[in-house]
(Lines give C-alpha, C1' and ligand atoms only; values in the text may rest on other atoms or scores of the structure.)
Protein backbone atom coordinates (compact mmCIF):
# COMPACT_ATOMS: atom_id res chain seq x y z
CA UNK A 1 0.00 0.00 0.00
CA UNK A 2 1.50 3.31 -1.04
CA UNK A 3 0.60 6.96 -0.54
CA UNK A 4 -1.26 8.51 -3.44
CA UNK A 5 -0.75 12.26 -3.98
CA UNK A 6 -4.31 12.44 -5.30
CA UNK A 7 -5.55 11.49 -1.82
CA UNK A 8 -4.06 14.67 -0.37
CA UNK A 9 -5.68 18.03 0.14
CA UNK A 10 -4.47 20.64 -2.34
CA UNK A 11 -2.75 23.91 -1.57
CA UNK A 12 -3.56 27.21 -3.28
CA UNK A 13 -1.51 26.34 -6.37
CA UNK A 14 -3.17 22.95 -6.82
CA UNK A 15 -0.23 20.97 -5.42
CA UNK A 16 -0.41 18.22 -2.81
CA UNK A 17 -0.44 19.88 0.62
CA UNK A 18 1.09 17.05 2.66
CA UNK A 19 -2.24 16.46 4.44
CA UNK A 20 -4.40 13.41 3.73
CA UNK A 21 -7.90 14.17 2.47
CA UNK A 22 -10.53 13.71 5.13
CA UNK A 23 -14.27 13.49 5.50
CA UNK A 24 -15.39 14.44 9.01
CA UNK A 25 -19.03 13.49 8.35
CA UNK A 26 -21.01 11.15 6.14
CA UNK A 27 -22.88 14.03 4.52
CA UNK A 28 -23.02 17.78 4.08
CA UNK A 29 -26.34 18.42 5.75
CA UNK A 30 -26.67 20.82 8.63
CA UNK A 31 -26.44 18.66 11.73
CA UNK A 32 -29.11 20.38 13.81
CA UNK A 33 -32.52 21.75 12.76
CA UNK A 34 -32.65 25.53 12.58
CA UNK A 35 -35.29 28.19 12.19
CA UNK A 36 -35.09 29.79 8.71
CA UNK A 37 -36.60 32.94 10.22
CA UNK A 38 -33.37 33.48 12.16
CA UNK A 39 -31.39 33.89 8.94
CA UNK A 40 -31.22 37.55 8.04
CA UNK A 41 -29.31 38.54 4.93
CA UNK A 42 -29.03 42.21 4.02
CA UNK A 43 -28.02 43.33 0.54
CA UNK A 44 -26.29 46.67 0.14
CA UNK A 45 -24.89 48.54 -2.83
CA UNK A 46 -21.88 50.50 -1.62
CA UNK A 47 -19.36 52.76 -3.32
CA UNK A 48 -15.68 51.92 -3.20
CA UNK A 49 -15.22 55.14 -1.23
CA UNK A 50 -17.60 53.95 1.48
CA UNK A 51 -16.01 50.50 1.61
CA UNK A 52 -12.57 52.12 1.95
CA UNK A 53 -13.91 54.24 4.80
CA UNK A 54 -15.03 51.07 6.62
CA UNK A 55 -11.65 49.44 6.01
CA UNK A 56 -9.76 52.45 7.40
CA UNK A 57 -11.92 52.53 10.53
CA UNK A 58 -11.61 48.79 11.14
CA UNK A 59 -15.28 48.16 10.39
CA UNK A 60 -14.28 45.68 7.68
CA UNK A 61 -12.01 42.78 8.64
CA UNK A 62 -10.03 41.55 5.66
CA UNK A 63 -8.33 38.77 7.67
CA UNK A 64 -4.93 39.78 6.29
CA UNK A 65 -3.37 36.33 6.50
CA UNK A 66 -5.37 35.36 3.43
CA UNK A 67 -3.27 37.78 1.40
CA UNK A 68 -0.34 35.40 1.79
CA UNK A 69 -1.88 32.58 -0.25
CA UNK A 70 0.68 31.77 -2.91
CA UNK A 71 -0.12 32.03 -6.59
CA UNK A 72 -3.64 33.37 -6.23
CA UNK A 73 -3.40 37.11 -6.79
CA UNK A 74 -0.30 38.24 -8.64
CA UNK A 75 0.23 41.92 -9.42
CA UNK A 76 -0.94 41.19 -12.96
CA UNK A 77 -4.20 39.67 -11.73
CA UNK A 78 -4.77 42.53 -9.32
CA UNK A 79 -4.09 45.00 -12.13
CA UNK A 80 -6.66 43.29 -14.35
CA UNK A 81 -9.25 43.71 -11.62
CA UNK A 82 -8.53 47.45 -11.43
CA UNK A 83 -8.73 47.54 -15.22
CA UNK A 84 -12.19 45.94 -15.04
CA UNK A 85 -13.35 48.72 -12.72
CA UNK A 86 -11.93 51.38 -15.03
CA UNK A 87 -13.81 49.75 -17.91
CA UNK A 88 -17.02 49.68 -15.82
CA UNK A 89 -17.17 45.88 -15.85
CA UNK A 90 -19.23 44.73 -12.80
CA UNK A 91 -17.45 42.64 -10.18
CA UNK A 92 -18.98 39.56 -8.51
CA UNK A 93 -20.97 40.03 -5.32
CA UNK A 94 -19.13 40.25 -1.98
CA UNK A 95 -20.24 38.25 1.08
CA UNK A 96 -19.67 39.30 4.68
CA UNK A 97 -20.64 38.23 8.19
CA UNK A 98 -21.65 40.93 10.67
CA UNK A 99 -20.71 40.83 14.36
CA UNK A 100 -22.32 42.46 17.39
CA UNK A 101 -20.66 45.84 16.75
CA UNK A 102 -21.48 45.77 13.02
CA UNK A 103 -17.94 44.94 11.91
CA UNK A 104 -17.94 42.87 8.73
CA UNK A 105 -15.76 39.80 8.22
CA UNK A 106 -15.35 39.42 4.47
CA UNK A 107 -15.59 35.77 3.49
CA UNK A 108 -16.04 35.91 -0.27
CA UNK A 109 -14.27 38.87 -1.87
CA UNK A 110 -11.24 39.28 0.37
CA UNK A 111 -8.80 39.48 -2.52
CA UNK A 112 -11.01 41.84 -4.52
CA UNK A 113 -11.25 44.32 -1.65
CA UNK A 114 -7.58 43.87 -0.81
CA UNK A 115 -6.67 44.69 -4.41
CA UNK A 116 -8.81 47.83 -4.43
CA UNK A 117 -7.38 48.98 -1.09
CA UNK A 118 -3.83 48.25 -2.20
CA UNK A 119 -4.32 50.43 -5.28
CA UNK A 120 -6.23 53.32 -3.70
CA UNK A 121 -4.90 53.44 -0.13
CA UNK A 122 -2.36 50.70 0.71
CA UNK A 123 -1.62 52.24 4.12
CA UNK A 124 -5.14 51.25 5.19
CA UNK A 125 -4.16 47.58 4.98
CA UNK A 126 -0.42 47.98 5.59
CA UNK A 127 0.51 46.76 2.14
CA UNK A 128 2.80 47.97 -0.62
CA UNK A 129 1.26 50.20 -3.27
CA UNK A 130 0.03 48.46 -6.41
CA UNK A 131 1.41 49.69 -9.72
CA UNK A 132 -0.62 48.54 -12.70
CA UNK A 133 1.06 45.99 -14.95
CA UNK A 134 0.02 43.48 -17.58
CA UNK A 135 -3.18 45.33 -18.52
CA UNK A 136 -5.12 43.89 -21.44
CA UNK A 137 -6.86 46.95 -22.90
CA UNK A 138 -5.38 49.98 -21.17
CA UNK A 139 -1.71 49.02 -21.13
CA UNK A 140 -0.62 51.79 -23.49
CA UNK A 141 -1.95 54.52 -21.23
CA UNK A 142 -1.68 53.10 -17.72
CA UNK A 143 0.90 50.31 -17.38
CA UNK A 144 3.16 51.34 -14.49
CA UNK A 145 0.59 53.79 -13.10
CA UNK A 146 -0.35 54.25 -9.46
CA UNK A 147 -3.74 55.55 -8.36
CA UNK A 148 -2.53 59.15 -8.15
CA UNK A 149 -1.21 58.92 -11.72
CA UNK A 150 -4.71 58.39 -13.11
CA UNK A 151 -6.65 61.35 -14.51
CA UNK A 152 -9.07 62.84 -11.93
CA UNK A 153 -12.11 61.52 -13.83
CA UNK A 154 -10.81 57.94 -13.59
CA UNK A 155 -9.88 58.34 -9.92
CA UNK A 156 -13.44 59.51 -9.36
CA UNK A 157 -14.82 56.62 -11.40
CA UNK A 158 -13.02 54.14 -9.15
CA UNK A 159 -14.11 55.83 -5.94
CA UNK A 160 -17.74 56.00 -7.07
CA UNK A 161 -17.94 52.44 -8.39
CA UNK A 162 -20.70 50.54 -6.57
CA UNK A 163 -20.20 46.99 -5.33
CA UNK A 164 -22.96 44.69 -4.09
CA UNK A 165 -22.41 43.22 -0.61
CA UNK A 166 -24.57 40.47 0.91
CA UNK A 167 -24.27 40.72 4.70
CA UNK A 168 -25.24 37.81 6.96
CA UNK A 169 -26.61 39.75 9.91
CA UNK A 170 -25.54 39.31 13.51
CA UNK A 171 -27.82 36.84 15.27
CA UNK A 172 -27.76 34.22 12.54
CA UNK A 173 -26.64 30.99 14.29
CA UNK A 174 -22.94 30.28 13.78
CA UNK A 175 -23.47 26.80 12.38
CA UNK A 176 -25.95 28.15 9.83
CA UNK A 177 -23.68 31.08 8.95
CA UNK A 178 -20.80 28.67 8.37
CA UNK A 179 -23.00 26.44 6.22
CA UNK A 180 -24.20 29.39 4.13
CA UNK A 181 -20.66 30.48 3.40
CA UNK A 182 -19.56 26.92 2.64
CA UNK A 183 -22.35 26.72 0.05
CA UNK A 184 -21.52 29.99 -1.72
CA UNK A 185 -17.76 29.50 -1.35
CA UNK A 186 -17.33 27.69 -4.66
CA UNK A 187 -15.68 30.08 -7.12
CA UNK A 188 -11.98 30.38 -7.90
CA UNK A 189 -9.96 28.76 -5.11
CA UNK A 190 -12.58 28.23 -2.35
CA UNK A 191 -11.58 28.90 1.24
CA UNK A 192 -10.71 25.83 3.25
CA UNK A 193 -12.71 25.08 6.40
CA UNK A 194 -9.94 26.57 8.55
CA UNK A 195 -9.81 29.70 6.39
CA UNK A 196 -13.57 30.08 6.92
CA UNK A 197 -13.11 29.69 10.68
CA UNK A 198 -10.28 32.23 10.54
CA UNK A 199 -12.55 34.71 8.79
CA UNK A 200 -15.62 34.16 10.97
CA UNK A 201 -13.93 33.97 14.40
CA UNK A 202 -11.67 37.00 14.88
CA UNK A 203 -9.59 37.42 18.01
CA UNK A 204 -6.44 36.14 19.69
CA UNK A 205 -7.02 32.58 18.44
CA UNK A 206 -5.76 33.66 15.03
CA UNK A 207 -2.35 34.58 16.44
CA UNK A 208 -2.18 31.59 18.80
CA UNK A 209 -2.68 29.10 15.98
CA UNK A 210 -0.25 30.94 13.74
CA UNK A 211 2.46 31.06 16.43
CA UNK A 212 2.15 27.43 17.53
CA UNK A 213 2.20 26.22 13.91
CA UNK A 214 5.42 28.20 13.38
CA UNK A 215 7.30 26.49 16.23
CA UNK A 216 10.37 24.43 15.40
CA UNK A 217 8.88 21.51 17.33
CA UNK A 218 5.69 21.38 15.24
CA UNK A 219 7.61 21.79 12.00
CA UNK A 220 10.06 19.11 13.09
CA UNK A 221 7.38 16.60 14.08
CA UNK A 222 5.59 17.11 10.75
CA UNK A 223 8.94 17.00 8.91
CA UNK A 224 8.32 20.42 7.35
CA UNK A 225 6.01 18.62 4.94
CA UNK A 226 2.89 20.80 5.20
CA UNK A 227 2.33 23.44 2.54
CA UNK A 228 0.66 25.89 4.89
CA UNK A 229 -0.79 28.60 2.64
CA UNK A 230 -4.33 27.28 3.22
CA UNK A 231 -3.93 27.06 7.01
CA UNK A 232 -3.76 23.26 7.13
CA UNK A 233 -1.05 23.57 9.79
CA UNK A 234 -3.22 25.86 11.92
CA UNK A 235 -6.12 23.44 11.72
CA UNK A 236 -3.92 20.69 13.16
CA UNK A 237 -2.95 22.97 16.05
CA UNK A 238 -6.61 23.87 16.61
CA UNK A 239 -7.59 20.23 16.71
CA UNK A 240 -4.94 19.56 19.34
CA UNK A 241 -6.17 22.45 21.48
CA UNK A 242 -9.82 21.46 21.04
CA UNK A 243 -9.31 17.89 22.26
CA UNK A 244 -6.77 18.85 24.92
CA UNK A 245 -9.48 21.13 26.30
CA UNK A 246 -12.45 18.79 25.80
CA UNK A 247 -11.84 15.14 26.67
CA UNK A 248 -12.69 12.77 23.85
CA UNK A 249 -14.89 10.91 26.34
CA UNK A 250 -17.10 14.01 26.58
CA UNK A 251 -17.16 14.69 22.84
CA UNK A 252 -20.79 14.53 21.62
CA UNK A 253 -20.81 17.00 18.74
CA UNK A 254 -22.67 16.05 15.57
CA UNK A 255 -21.02 18.93 13.70
CA UNK A 256 -17.23 18.75 13.85
CA UNK A 257 -16.84 22.23 12.35
CA UNK A 258 -18.98 23.60 15.18
CA UNK A 259 -16.68 21.89 17.69
CA UNK A 260 -13.63 23.57 16.17
CA UNK A 261 -15.32 26.98 15.92
CA UNK A 262 -16.19 26.80 19.61
CA UNK A 263 -12.59 25.89 20.39
CA UNK A 264 -11.41 29.06 18.62
CA UNK A 265 -13.84 31.10 20.72
CA UNK A 266 -12.56 29.37 23.87
CA UNK A 267 -8.98 30.31 22.97
CA UNK A 268 -10.07 33.94 22.62
CA UNK A 269 -11.29 33.86 26.23
CA UNK A 270 -8.24 32.21 27.82
CA UNK A 271 -5.57 34.11 29.74
CA UNK A 272 -1.85 33.95 28.99
CA UNK A 273 -1.08 31.54 31.84
CA UNK A 274 -3.50 28.93 30.52
CA UNK A 275 -2.18 29.28 26.99
CA UNK A 276 1.44 28.98 28.15
CA UNK A 277 0.71 25.77 30.06
CA UNK A 278 -1.12 24.22 27.12
CA UNK A 279 1.60 25.31 24.71
CA UNK A 280 4.26 23.63 26.88
CA UNK A 281 2.33 20.34 26.69
CA UNK A 282 1.96 20.78 22.93
CA UNK A 283 5.70 21.32 22.48
CA UNK A 284 6.50 18.21 24.53
CA UNK A 285 4.00 16.18 22.51
CA UNK A 286 5.63 17.27 19.25
CA UNK A 287 9.13 16.42 20.48
CA UNK A 288 8.02 13.01 21.75
CA UNK A 289 6.13 12.15 18.54
CA UNK A 290 9.19 12.97 16.45
CA UNK A 291 11.45 10.88 18.69
CA UNK A 292 9.16 7.84 18.59
CA UNK A 293 7.76 7.86 15.05
CA UNK A 294 10.40 9.83 13.16
CA UNK A 295 9.37 10.64 9.60
CA UNK A 296 6.15 8.62 10.04
CA UNK A 297 4.76 10.79 12.87
CA UNK A 298 0.99 11.33 12.54
CA UNK A 299 0.85 9.15 9.42
CA UNK A 300 -0.59 5.76 8.65
CA UNK A 301 2.03 3.03 8.92
CA UNK A 302 1.36 -0.58 7.97
CA UNK A 303 4.93 -1.94 7.70
CA UNK A 304 8.37 -0.46 8.25
CA UNK A 305 8.90 -0.79 4.50
CA UNK A 306 5.79 1.26 3.70
CA UNK A 307 6.19 4.37 1.61
CA UNK A 308 5.41 7.43 3.66
CA UNK A 309 1.79 8.52 3.84
CA UNK A 310 0.56 12.11 4.13
CA UNK A 311 -0.18 13.46 7.59
CA UNK A 312 -3.54 12.24 8.84
CA UNK A 313 -5.52 14.84 10.81
CA UNK A 314 -7.38 12.32 12.96
CA UNK A 315 -4.14 10.56 13.87
CA UNK A 316 -2.55 13.89 14.70
CA UNK A 317 -5.33 14.65 17.19
CA UNK A 318 -5.24 11.31 18.92
CA UNK A 319 -1.46 10.85 19.07
CA UNK A 320 -0.59 14.44 19.97
CA UNK A 321 -3.23 14.78 22.69
CA UNK A 322 -2.35 11.41 24.21
CA UNK A 323 1.36 12.27 24.31
CA UNK A 324 0.67 15.75 25.66
CA UNK A 325 -1.26 14.29 28.58
CA UNK A 326 1.68 12.17 29.77
CA UNK A 327 4.27 13.17 32.35
CA UNK A 328 7.82 13.93 31.15
CA UNK A 329 8.99 10.63 32.64
CA UNK A 330 6.26 8.69 30.80
CA UNK A 331 7.18 10.43 27.56
CA UNK A 332 10.82 9.49 28.12
CA UNK A 333 9.88 5.85 28.74
CA UNK A 334 7.90 5.69 25.50
CA UNK A 335 10.89 7.05 23.62
CA UNK A 336 13.10 4.36 25.16
CA UNK A 337 10.53 1.71 24.13
CA UNK A 338 9.85 3.21 20.70
CA UNK A 339 10.37 -0.12 18.93
CA UNK A 340 7.52 -1.62 20.92
CA UNK A 341 5.35 1.44 20.26
CA UNK A 342 5.89 1.12 16.51
CA UNK A 343 5.16 -2.62 16.52
CA UNK A 344 1.90 -2.11 18.39
CA UNK A 345 0.96 0.87 16.24
CA UNK A 346 1.36 -1.16 13.03
CA UNK A 347 -0.74 -3.90 14.60
CA UNK A 348 -3.39 -1.30 15.45
CA UNK A 349 -3.38 -0.05 11.85
CA UNK A 350 -4.39 -3.59 10.81
CA UNK A 351 -7.60 -3.14 12.83
CA UNK A 352 -10.19 -2.22 10.20
CA UNK A 353 -12.35 -0.39 12.72
CA UNK A 354 -9.43 1.80 13.78
CA UNK A 355 -8.43 2.45 10.17
CA UNK A 356 -12.00 3.53 9.46
CA UNK A 357 -12.01 5.82 12.51
CA UNK A 358 -9.15 7.85 11.03
CA UNK A 359 -10.35 7.70 7.42
CA UNK A 360 -14.11 8.23 7.02
CA UNK A 361 -16.62 10.14 9.10
CA UNK A 362 -13.83 11.12 11.48
CA UNK A 363 -16.01 13.66 13.31
CA UNK A 364 -18.54 11.02 14.38
CA UNK A 365 -18.49 10.78 18.21
CA UNK A 366 -18.17 6.99 18.20
CA UNK A 367 -15.17 7.13 15.85
CA UNK A 368 -13.57 9.93 17.85
CA UNK A 369 -13.86 7.87 21.04
CA UNK A 370 -12.60 4.72 19.35
CA UNK A 371 -9.41 6.18 17.90
CA UNK A 372 -8.54 8.21 21.01
CA UNK A 373 -9.12 5.29 23.38
CA UNK A 374 -7.15 2.95 21.10
CA UNK A 375 -4.12 5.27 21.05
CA UNK A 376 -4.41 5.87 24.81
CA UNK A 377 -4.50 2.13 25.46
CA UNK A 378 -1.52 1.57 23.16
CA UNK A 379 0.67 4.05 25.04
CA UNK A 380 -0.54 2.94 28.47
CA UNK A 381 0.06 -0.68 27.52
CA UNK A 382 3.67 0.03 26.56
CA UNK A 383 4.19 1.91 29.83
CA UNK A 384 2.65 -0.84 31.97
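The values are calculated or read from the model by the stated rules, or taken from the named source; none is laboratory data. On a predicted model such as this, the values are computed, not experimentally measured, just so you know. Cβ placement follows ideal geometry from the backbone for every residue including glycine, while neighbour counts extend to all protein chains displayed.
Listing for the model above:
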| quantity | calculated |
| --- | --- |
| Filter pass, residue 101 being modelled with pLDDT under 95 and assigned to a loop (DSSP other than H, G, I, E, B) | yes |
| Which listed residue is in a helix (DSSP H, G or I) and at negative phi, from 239, 230 | 239 |
| Residue check, residue 124 out of contact with any helix residue (DSSP H, G or I) (no Cβ under 7 Å at 6 or more places or on another chain), closer than 29 Å to residue 233 by Cβ and surrounded by 17 or more Cβ atoms within 10 Å (Cβ to Cβ) | no |
| Options 216, 229; residue that is over 20 Å from residue 282 (Cα atoms) and assigned by the TED database to the domain that holds residue 310 | 229 |
| One residue from 339, 332, 367, 347 being more than 16 Å from residue 381 (Cα to Cα) and outside any loop (DSSP other than H, G, I, E, B) | 367 |
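Listed here are the residues, each with its yes/no results for (1) more than 17 Å from residue 24 (Cβ to Cβ); (2) in contact with a strand residue (DSSP E or B) (Cβ under 8 Å, 6 or more places away or on another chain); (3) crowded, with 17+ Cβ neighbours inside 10 Å.
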site: 239; (1), (2), (3): no, no, yes
site: 254; (1), (2), (3): no, no, no
site: 259; (1), (2), (3): no, no, yes
site: 272; (1), (2), (3): yes, no, no
site: 282; (1), (2), (3): yes, no, yes
site: 286; (1), (2), (3): yes, no, yes
site: 294; (1), (2), (3): yes, no, no
site: 305; (1), (2), (3): yes, no, no
